Structure formats: C-alpha cells, structure tokens
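Working notes for the structure below.
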Amino acid sequence: MDGASLPGSTPAPAAHAGAEVRSTCPYCGVGCGVLLTADGQGGLSVKGDPDHPANRGRLCSKGSALAETVGLSGRLRTPVVNGEEASWDEALQLVADRFRDTIAEHGPDAAAFYVSGQLLTEDYYVANKLMKGFIGSANIDTNSRLCMASSVAGHKRAFGTDTVPGTYEDLEQADLVVLVGSNLAWCHPVLYQRLLAARAERGTKIVVIDPRRTASCDQAEMHLAIAPGGDVPVFNRLLARLYEGGALDKEFLARTNGFDDALRAALTSDPDLAGVPVAQLDAFCDLWMQHDKVVTIYSQGVNQSTSGSDKVNAILNCHLATGRIGTPGCGPFSVTGQPNAMGGREVGGLANMLACHLDLENPDHRSAVREFWGAPSVPDAPGKKAVEMFRAVGDGRIKALWIIHTNPAVTMPDADAVRAAIQGCDFVVVSDITGATDTARLADVLLPASAWAEKDGTVTNSDRTISRQRSVLPAPGTARPDWDILAEVGRRMGWGTAFDYETPAEIFREYAALSGIAGQFGRDFDISALSDLDDAGYDALSPARWPLTPTRQGGRFFGDGQFFHPDGKARFIPVTHRPPAARTDRRYPFRLNTGRIRDQWHTMTRTALSPRLSAHLAEPYLDIHPADAADLGIAPADLVQVQSPAGQAILRARITDAQRRGEVFAPMHWTGETAPSARIDALVPGETDPVSGQPESKAAVVRVTRLQAAWYGFAVSSAPMALDTPYWALARTGAGYRAELAGLDPVEDWEDMARRLLNAPASARAMIVTDPGRGSARVALFDGDRLIGALFVAREPVAVMRDYLATLPGSAEPGVLSGRPAGDRPDPGPILCSCFGVGVNTIVTAIETQGLATVAAIGEALQAGTNCGSCRPEIAAILARVHQQEAAE
Ligand code: SF4
C-alpha cells in the first residue's frame with residue numbers, strides 16, 4: 001500500500017451557523033443557485049440566490065423544500081460489510097483487495113463502476129481517472145446514460161463534439177420556443193418560469209410536441225400530440241418544408257456537409273407517421289418559418305428512445321439548415337435532467353468518452369491523457385454502457401461492481417432482472433447517504449457518503465455554467481466525500497501518487513489543467529484558465545459559463561459556422577422514422593410512457609422526506625384515456641394491474657383525456673421502500689438506441705386490467721407502519737405517515753390488522769366502527785388520548801378527507817373515525833400548492849364563489865402559486881376547466 005491516509009481523515013468542513021453560504025440546488029439540470037444558512041442544530045434555511053445567472057433568486061417547489069430533506073434520520077453513518085458495521089480501514093481495504101484480485105484473476109473488464117449525475121465534478125473526475133487510467137478498463141458508466149446519452153451522440157455526429165450551443169438567455173430572446181418531449185413546467189420549472197416571464201414581456205410563442213398534454217401545454221399556442229416515436233417525421237417534414245419554402249440559409253449551409261442526403265430522407269419521409277394530421281404539422285412548419293429566432297428545447301421524450309440519436313439529429317438538421325444556431329434567441333437546446341449530468345459529460349463519465357471531450361478512439365488523445373495522468377494505460381475501446389453493463393453483471397462477466405449515488409435496482413429498464421443481477425454479483429460496493437434503498441440492500445460493502453449540503457465541489461448545468469456547491473452542514477458519523485473515498489481506494493490499490501488528493505480544489509486544478517490539453521487539440525472544452533486557482537480562489541469561484549473567454553456570439557457556440565469535425569464543418573445526418581422497438585399486439589395493446597412528476601426527484605431518497613413535497617401526488621398512478629378506461633371497466637381511483645413482457649405493477653388509475661387513446665403514463669419515482677408494487681422500470685424492456693446505448697423508457701408495451709381487490713384501505717400513523725399487503729404506497733406527512741393499501745383476500749379481524757399495521761402496543765385503546773354489510777371498517781388506536789393512527793377500509797376505494805386525516809396522528813381528536821372534521825369545514829382536496837398547502841377543492845371553490853378569473857387573482861386570494869410558482873400551470877388548467885364547465889351549463 002502506498003500513501004493511504006488515515007481512515008475517515010477528511011471530514012467535510014462545515015460553515016459556521018448563521019453564515020450565509022452560496023451553493024447550488026442538487027436536483028434538476030437548471031442548476032439554480034441557493035443561499036444556505038445553517039441553524040447550528042443540523043437544520044438549514046434555503047433561499048434562491050438572486051445573483052446566480054440560472055435562476056436570479058427563483059426556486060421551484062423542490063428547491064424551496066430543500067431544508068426539509070437534510071435531516072439525519074436514515075443516514076448511513078459508518079461502513080457496513082456483509083451486514084455488520086465495520087471501520088473505514090476494514091471496508092476500504094476489502095474494496096481495494098477485491099477489485100485488485102478480480103482484475104488480477106479476470107482482467108480489468110471484470111470490474112465496473114456505475115455512477116451518477118448526482119456526483120460532483122471532482123468525484124466524477126477521480127472515479128473516471130481510477131477506472132480508465134489505472135484499473136485499465138472503460139467500464140465506467142453513469143445513470144446519465146438513461147437521461148441524455150442520445151443528445152451526446154447527436155451532438156457528436158452533427159458538431160464533432162458534445163457541445164450544447166446555446167444559453168438560457170436564448171429562451172428569453174427567442175420569438176418561438178418549441179418544447180419537444182419536454183414537460184419543462186414540471187421537470188425544469190425555473191427555466192419554464194423564465195420562459196413565461198419572457199412570453200409575458202415580448203409575446204414569445206410556445207409549441208409543445210409531446211404525446212401527452214402536460215402542464216407545459218398550458219400557455220402553448222400549439223400542442224402536437226404526436227404518436228410515440230413520431231418526432232423524426234415531424235422534423236423531416238419541417239426540413240422538407242423549409243426547403244420548399246425557400247427558408248434555407250445558403251451561406252450557413254456552406255459550413256456544413258451532408259445536406260443533400262438529409263434532405264432526400266426528409267422529402268421521402270411519410271408525415272402521417274407523426275400521428276397528427278398533416279395540416280397540424282404544416283401549421284407548425286409555418287410558425288417556424290414565420291419566426292427568425294427559434295429555440296428548440298428537447299429532453300427525455302426525445303432521448304429515451306431506440307431512435308433517440310436520430311431524433312436529436314432530426315432537430316439539429318433543421319437548425320443547421322436555417323443557420324438558427326449559436327446566435328441570440330436561436331438554437332437547439334438539450335436540457336439535462338440531473339444537476340451534474342453536464343459535468344459528468346465534460347469529465348468523461350460515460351463509458352464511451354475519455355475526459356474533457358477527448359475521444360477514447362483517438363490514439364493521440366489517449367496518449368496525451370495517459371501521459372498527463374501518469375497512468376499505465378488507457379483503454380482503446382469503449383466500456384460497457386449501462387444496459388450492457390448490467391447484462392454483464394448478470395451473466396458473470398463483471399464480477400466486481402461499485403455503484404455510487406444511484407439506485408439501478410429501481411431505475412434501470414428490466415429492473416427486476418437488474419436487481420437479480422446485482423444480487424448475484426460476486427462483489428458489490430454501494431456508496432450512498434442511506435442504506436435504505438433497493439440497491440443498497442444488495443451491497444456487500446456499504447460506504448457512507450456525504451450528502452448534498454455536506455459536500456464541496458463543482459457542478460455544470462444545462463447551459464454550461466460551472467457553479468460551486470459548498471458544504472454548510474457537518475457530515476454525520478464518519479461519512480466522507482466521494483472523491484475522498486475513491487482516492488483512498490486508488491491509493492490502497494497501489495497508485496499513491498496519482499490519487500494523493502487532500503482537497504477538491506486540488507482535483508479541480510488538475511482537471512482544469514487537463515482541459516488545456518483538450519484545448520490544444522482544438523476541442524471545445526477548455527477551462528485551463530482556472531487551473532491556477534488557489535484554494536481561496538476555488539472557494540470563492542463565481543458561476544462561470546464556458547467558454548470562459550466570451551466569443552463574439554456572447555458565450556455561444558457555432559454562430560460563426562466553426563464546428564469540431566476535422567474539416568471544421570457541421571454534418572447533417574439523414575434520418576428515417578423507426579417505430580419503438582416493442583410492438584403492441586393483442587396481448588399488450590397499450591404503450592406505456594414513463595416520466596417525472598413535479599415534486600419528487602428520482603427514487604425519492606431525499607424528496608420523500610419532505611411532507612409538503614409528498615402532499616402533491618402521494619401515490620403512484622397510471623393515467624389512462626376515458627374511452628380506454630370505459631372499455632376496460634376501470635373507474636376513477638380503481639387500482640389497476642399493468643403487465644408487460646418484462647414485469648408488472650399495481651397503480652392507481654387516473655382517468656384523463658390528456659392521454660392519447662391506447663397510451664398510458666406512469667411516474668418513475670416509487671421504489672421498494674415507498675410502493676414495492678409500483679417499480680415502473682420493471683415493466684420497461686432493455687431495448688437501446690444503437691448509437692447512444694440509451695434505453696427506450698417511454699414506449700414499453702403493456703396490458704391493463706382492473707385489480708380485483710377484496711378491499712381498499714387508507715391509513716395514517718405517527719410512526720413508520722409495518723406494511724405487507726399486496727398493494728401499499730407510503731408517504732410522509734407533517735404528523736407522521738399516510739399509506740394507501742389494498743388486499744386480495746378478505747380480512748376477518750380489522751382491529752388485529754390495524755394493530756399490526758400501526759405497530760400499536762397491546763395496551764393501545766381501540767375505537768372501531770364496522771359495517772359488515774358494506775364490508776367497511778374504521779379503526780382508530782390511541783395511547784391515552786393521543787391518536788397513534790387509524791385505518792379506513794372498504795370494498796371500493798376509500799372516500800375520506802385524506803389531507804385532514806394526515807394531520808391527526810399525535811393529536812387528541814376523538815372524531816377521527818368520521819373521516820372528516822366536525823362541523824362544515826370544507827375538504828381542501830389534494831394539495832396543489834406545496835408551498836402554502838392549498839388544495840384543489842379550495843381553488844375550485846374560490847373560483848366559483850369569488851368569480852376569480854386569473855392565476856394572479858387566485859394567488860391574491862389564496863396565496864396559491866405566489867412563492868415558487870411551480871403550481872401555476874396546474875392552477876391555470878383548473879381555471880380553464882371550471883370556466884369551461886360554467887360555459888357549458
Ligand atoms: S428548477 Fe427547481 S429543482 Fe431545478 S435546480 Fe432550480 S430549484 Fe432545483
């Protein structure tokens with residue numbers, strides 16, 4: 001062993017209580033700046049940073065609730081080896097020994113790292129250097145593969161490098177913004193608010209291209225509800241119409257190659273395959289041609305597809321053909337899902353990248369990086385991309401796997417098979433902040449890592465702005481930063497000099513210096529101007545968008561027609577329509593779309609800790625068109641069983657004409673910890689895009705049937721519940737927990753069940769009301785006067801005031817069994833405005849009784865939508881619905 005430091009020797013420094021610290025929100029790729037103040041007792045206050053260029057003080061519902069997610073309950077404080085607490089020394093030596101032995105016996109490709117867009121750039125840099133430079137394999141991939149790999153592939157094909165051309169300001173300068181496969185209102189809320197503010201000021205037009213009618217359609221001029229996979233026909237039609245309408249930029253075309261082939265493909269493309277009337281497509285094309293300044297934002301609806309790379313290039317082709325790229329208010333714009341997906345791309349965190357936008361396939365690039373790192377070798381072939389990686393884990397080719405800050409047992413397609421693969425792997429290490437995830441429960445070695453508010457480093461957001469994330473709270477127990485854990489394993493594996501880091505600032509300087517080599521090769525990513533930052537300079541680093549030296553396009557790329565292919569030109573890629581890989585048939589007649597909801601993040605490890613975020617949508621669901629629901633005999637709030645060739649799930653039915661017929665939608669967030677029968681990626685097949693390796697997460701085929709539940713239930717409790725029924729979904733509340741339940745067999749003794757479920761002591765006093773004829777029962781259990789919890793069951797979905805009941809555990813409310821408050825207190829309905837706890841029914845009543853006609857008027861009357869603004873699109877939709885109903889009456 002060479003140069004190993006003392007175990008746990010690098011605790012994260014924490015700011016003094018009361019000092020305001022600038023940092024960055026850890027959720028979506030907007031990368032909002034936050035101001036954090038520790039209260040000295042483990043808590044925080046959080047405000048939007050008015051000086052951060054991404055958000056100028058705004059925060060969405062998730063960012064506003066960050067302080068509710070930093071509690072230490074459930075945190076992993078010490079390493080765990082084979083289920084037993086261990087010292088860092090034991091755990092890290094075991095990790096180093098097992099990886100070294102595996103490599104010695106089976107070769108470097110028997111080892112793999114699966115990392116995360118939640119990592120800071122410095123963490124990512126060390127992980128990538130350890131795997132590609134020293135272990136000698138390129139088997140490091142990231143969960144960003146599931147998020148934006150198709151954009152990376154499309155950029156590289158068109159531009160010669162993975163460059164996002166535009167900036168957030170472009171959204172505010174555009175005349176037309178096209179959202180393709182992007183529910184910006186829910187998934188990048190602050191960016192959406194910036195867009196709406198610009199629209200209010202200058203009348204920006206918005207078009208949404210998405211099979212679903214989402215919250216982002218609320219302010220749109222046009223919604224093209226295309227068929228799944230219909231994006232290529234849409235943009236091929238646009239390219240053809242641009243040509244026919246004489247709207248090409250001939251001067252810009254001289255800076256490109258391959259236009260004729262792309263045009264030929266576009267002219268022969270069948271527009272009917274888009275799934276919307278051609279007249280609608282042409283109206284969209286006309287709008288495009290009528291506006292010089294066009295930004296096309298695209299996200300997972302484009303990327304998560306077996307033709308994702310082609311969809312990206314179909315969009316890029318149209319911007320290149322018109323020269324609408326890299327100038328103010330113009331450009332294609334891939335917005336990333338995760339806070340540091342861009343940092344991971346820059347640092348080379350994908351299996352087919354090197355570092356600093358250098359290419360693994362290029363021998364000059366490889367040798368320059370190898371020399372810079374002082375590494376024995378750098379692999380000359382890409383490693384295994386995520387889906388291939390877990391297949392190799394499953395069939396035993398990968399024998400040592402380190403999973404860092406991600407939960408592939410839930411989020412990978414074919415999630416049941418991935419869970420089994422991890423379980424069967426010879427040696428699995430998991431670094432995380434908690435041991436209570438589906439993946440962490442499978443680890444041989446569990447390493448406690450520092451969490452967001454405890455970490456120091458940098459992240460890069462969707463418009464290439466590098467921001468500092470700063471530590472403000474002390475890490476609990478012996479938890480350590482990821483770069484520190486990785487570097488120590490590197491040292492214990494024998495590479496002391498290469499991993500002799502003491503601070504993230506040192507790592508950042510090395511990384512910035514390496515990017516200077518990329519600059520010498522003529523690559524886009526060169527932040528070497530920051531390589532001589534001293535520690536104080538790193539600590540004080542302000543948000544900086546690269547290129548750090550502003551070009552004449554104001555920090556944008558490509559407006560000057562300079563690209564990164566060897567000839568300096570851009571390339572058109574001819575694209576033809578390919579339908580999703582899985583085909584519907586009589587057994588699986590529905591197409592399943594999956595995605596995010598407004599107030600939860602990934603597998604809810606942090607957001608589920610927040611009662612107010614959990615109040616918005618407290619249960620997993622399936623959106624289905626009314627006609628399809630009628631055909632299947634499904635009523636609102638029924639539970640449905642959803643089956644695909646890969647797996648199955650049970651979800652709550654929501655009947656809505658926002659879905660196209662034959663298509664259903666389900667959110668991706670629920671896990672074995674929160675709703676074990678709703679792990680939606682268990683239904684998604686492991687089909688991938690042949691270029692990017694990104695899985696098709698939005699086009700599984702499924703059948704849907706009404707679940708023949710013997711009973712439905714709803715429970716509230718002041719303490720965690722013992723849930724073991726065939727269906728359950730758990731959520732936090734201000735007073736404890738709430739759960740939806742269902743069973744397939746009759747229950748004889750509801751009191752006994754309530755006692756087990758609510759973990760009540762034998763001494764607990766019970767109040768019970770039953771109606772055997774109707775099959776309903778209500779049980780409340782008290783400790784003295786204090787309500788422990790209550791269970792409500794019925795043969796049909798239970799109708800009680802859930803949000804009211806959720807407030808009662810711990811109180812002395814004797815009327816709990818009525819399921820509603822005494823007197824005529826109205827039911828506020830499901831919470832819509834998380835910030836002020838305003839429910840849907842309250843908003844509807846205010847509209848009807850007070851004659852409120854605008855979102856602003858509702859805000860004035862109820863406060864709803866006046867803080868983070870994330871719920872404004874939904875308030876607008878309620879307004880429209882109520883006014884529509886009134887007009888019809
Ligand atoms: S939009 Fe919301 S989730 Fe995304 S970075 Fe900003 S505050 Fe965080």
With a 1.4 Å probe and every protein chain left in place, work out the accessible area per residue of region 520-560 in Å², rounded to a whole number.
52 Å²
Solvent-accessible area per residue for region 180-268 (1.4 angstrom probe, square angstrom):
36 Å²
P(r) weight above 22 Å for region 534-634, C-alpha pairs, percent:
71 percent
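Kindly flag which residue pairs out of LYS250/LYS385; LYS62/LYS569; LYS156/LYS205; LYS47/LYS129; LYS132/LYS293 have an alpha-carbon separation exceeding 32 Å in this structure.
Numbers: LYS250/LYS385 39 Å; LYS62/LYS569 41 Å; LYS156/LYS205 30 Å; LYS47/LYS129 35 Å; LYS132/LYS293 42 Å.
From the list (LYS250/LYS385; LYS62/LYS569; LYS156/LYS205; LYS47/LYS129; LYS132/LYS293), the Cα-Cα distance tops 32 Å for LYS250/LYS385; LYS62/LYS569; LYS47/LYS129; LYS132/LYS293.
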Got a sec to turn the phi values of region 609-615 into Karplus ³J(HN,Hα) couplings, 6.51 cos²θ - 1.76 cosθ + 1.60 with θ = phi - 60°, whole Hz, x for Gly and Pro?
6, 9, x, 6, 6, 6, 6
Other residues with Cβ under 14 Å from the Cβ of LYS62 give, with Lys and Arg +1 and Asp and Glu -1, a net charge of +3
Name the helices (complete DSSP H segments) of the chain with a Cα length along the long axis of 27 Å or more and a Kyte-Doolittle mean of at least 1.6, or state none.
none
Explain nothing, just the number: dipole magnitude of region 559-662 about its Cα centre with +1 on each Lys and Arg Cβ and -1 on each Asp and Glu Cβ, in debye rounded to the nearest 20.
200 debye
Do the sum for the chain: with -39,500 (n - 2.57) for every DSSP H run of n ≥ 4, divided by all residues, what is the mean residue ellipticity at 222 nm, to the nearest 500 deg cm²/dmol?
-8500 deg cm²/dmol
Of the accessible area of the chain, with the probe set at 1.4 angstrom, what percent is carbon plus sulfur?
49 percent
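For the chain, build the convex hull from the C-alpha positions and give me its volume per residue in Å³.
In the chain, the Cα hull volume divided by residue count equals 163 Å³.
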Net charge near THR458 (other residues with Cβ under 12 Å of its Cβ; Lys, Arg +1; Asp, Glu -1) is -1
Expressed in µm² per second, the diffusion coefficient of region 650-785 from the Stokes-Einstein equation, with Rh the Kirkwood radius over alpha carbon pairs, at 10 °C and 1.306 mPa s, is 90 µm²/s
Dipole size in debye (nearest 20) for the chain around its Cα centre, Lys and Arg Cβ +1, Asp and Glu Cβ -1?
1100 debye
For a quick check: with amide H placed at 1.01 Å from N, whose amide H comes under 5 Å from CYS833's, ignoring anything fewer than 5 positions away on the same chain?
VAL838
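Quick check: with the 1.4 Å probe, what order do GLU663, GLU90 take by accessible area, largest first? Please list the in-between numbers first.
Values: GLU663 20, GLU90 110 Å².
So, going from the largest accessible area down, we get GLU90, GLU663.
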With R₀ set to 45 angstrom, the calculated FRET efficiency between the beta-carbons of ASP631 and GLU201, to the nearest 0.05, is 0.45
Three-way shape label, region 463-616, alpha-carbon gyration tensor, a/c 1.5:
oblate
In Å³ per residue, the alpha-carbon convex hull of region 578-632 encloses 138 Å³
Would you tally the net charge around ALA112, using a Cβ to Cβ cut-off of less than 14 Å, leaving ALA112 out, and scoring K and R as +1, D and E as -1?
+3
Candidates per trypsin sites (Lys or Arg not before Pro) in region 625-700, loop by DSSP, up to 15 other Cβ within 10 Å
ARG661
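The values are calculated or read from the model by the stated rules, or taken from the named source; none is laboratory data. Treat the numbers as computed from the prediction; the structure is a model and nothing was measured. FYI the Cβ positions are ideal-geometry reconstructions off the backbone, even for glycines, and counts take in every protein chain you see. Note: areas computed on protein heavy atoms with side chains; ligands, DNA, RNA excluded. Shrake-Rupley method; radii C 1.70, N 1.55, O 1.52, S 1.80 Å.
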